[in-house]
């Protein structure tokens, strides 16, 4: 087993002590169990975010024009 030191805020240290006491284990054991649970579970897949090609080479420069042309944001009340 390897010793590792970490710094905790006072409120986190107190919460850790309470949870460890509730579980009937030392803070060190509680930390080991918690970390093991985190690192052993499968990593969540990263969402795939892709770029979309609009076909409009000047979209960034003429964004307001394109929005106006499409009527975006113009709502009529019935």
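The values are calculated or read from the model by the stated rules, or taken from the named source; none is laboratory data. Model, not experiment: these values are computed from the prediction. Virtual Cβ from ideal backbone geometry, glycine too; neighbours counted across all protein chains shown.
Structure values in brief
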{"quantity": "Residue 8, sole failed condition from (1) modelled with pLDDT of 85 or more; (2) outside any loop (DSSP other than H, G, I, E, B); (3) surrounded by 10 or more Cβ atoms within 10 Å (Cβ to Cβ)", "calculated": "(2)"}
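Okay, residues lined up against (1) outside any helix (DSSP H, G or I); (2) touching a strand residue (DSSP E or B) at 6+ places or on another chain (Cβ under 6 Å); (3) modelled with pLDDT under 95:
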| position | (1), (2), (3) |
| --- | --- |
| 18 | no, no, no |
| 21 | no, no, no |
| 31 | no, no, no |
| 38 | no, no, yes |
| 44 | yes, no, yes |
| 50 | yes, no, yes |
| 55 | yes, no, yes |
| 67 | no, no, yes |
